[in-house]
1. Looking only at region 111-149, filter to residues that are touching a Gly at 6+ places or on another chain (Cβ under 8 Å) and part of a helix (DSSP H, G or I); which one of those is surrounded by the fewest Cβ atoms within 10 Å (Cβ to Cβ)?
2. Consider Asp108 carefully, then state whether it is touching a Gly at 6+ places or on another chain (Cβ under 8 Å), surrounded by fewer than 17 Cβ atoms within 10 Å (Cβ to Cβ) and modelled with pLDDT of 95 or more.
3. Do we find a residue being modelled with pLDDT of 95 or more, small (Gly, Ala, Ser) and either buried (at least 18 other Cβ atoms within 10 Å of the Cβ) or in contact with a Phe, Trp or Tyr (Cβ under 7 Å, 6 or more places away or on another chain) (or both) anywhere in region 89-98?
4. Determine if region 14-27 includes at least one residue that is in contact with a helix residue (DSSP H, G or I) (Cβ under 7 Å, 6 or more places away or on another chain) and either under 19 Å from His117 (Cα atoms) or part of a helix (DSSP H, G or I) (or both).
5. Which one of these is of a type outside the set (D, E, K, R), in contact with a strand residue (DSSP E or B) (Cβ under 6 Å, 6 or more places away or on another chain) and either closer than 17 Å to Gly90 by Cβ or crowded, with 20+ Cβ neighbours inside 10 Å (or both): Leu51, Leu58?
Amino acid sequence: MLQLADEAFAVKNDPNQLDVDQEVIARLQSLHPASVGELDLGEGPVCWVLLIPTTRELMHRFLQKEISEKELFELTSPGQNYQSVYLCSGMVLDEYRRQGIAKKLCLDALQQIRADHPIESLFVWTFSEAGLHAARSIAQCAELPLLSR
């Protein structure tokens, strides 16, 4: 999955993107336990999703390119009242794509986050047409507006 993430997002070449490691995963889970989701069928994950619950203000700053993805993550503090969720990343191994796995993981995570926070919107910074399509589908099912950078 890490190789797939590197191929899809090339984070090593962009200091503004969030470079996910175990420390980042732990901090994401401190924002909300549902921020990190994966499906493991017994031989390692086949799908991995990351969501960042955050404030409306930080969402707008990110969408207006005032802050980077990495800064969005760093400026979002545990214990805040979140109104927005950034659909940060979703990766699915090739042989498991187009089965709705990432969508289900995201919708389940959103349901858990919404149980604790008054989420008003979703937002994305997509790197592919498939990513944008998936984000739109998630937003439609969650009945939330989707904003894009």
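The values are calculated or read from the model by the stated rules, or taken from the named source; none is laboratory data. Note that the coordinates shown come from a computational prediction; the quantities given were computed from them, not determined experimentally. Here the Cβ positions follow ideal geometry from the backbone for every residue, glycine too, while neighbour counts run over all protein chains shown.
1. Gly131
2. Yes; evaluated as a whole, the condition is true for this residue.
3. Within region 89-98, the first condition is being modelled with pLDDT of 95 or more, and the residues that meet it are none.
No - not one qualifying residue is present in region 89-98.
4. no
5. Of Leu51, Leu58, the one residue that is of a type outside the set (D, E, K, R), in contact with a strand residue (DSSP E or B) (Cβ under 6 Å, 6 or more places away or on another chain) and either closer than 17 Å to Gly90 by Cβ or crowded, with 20+ Cβ neighbours inside 10 Å (or both) is Leu51.
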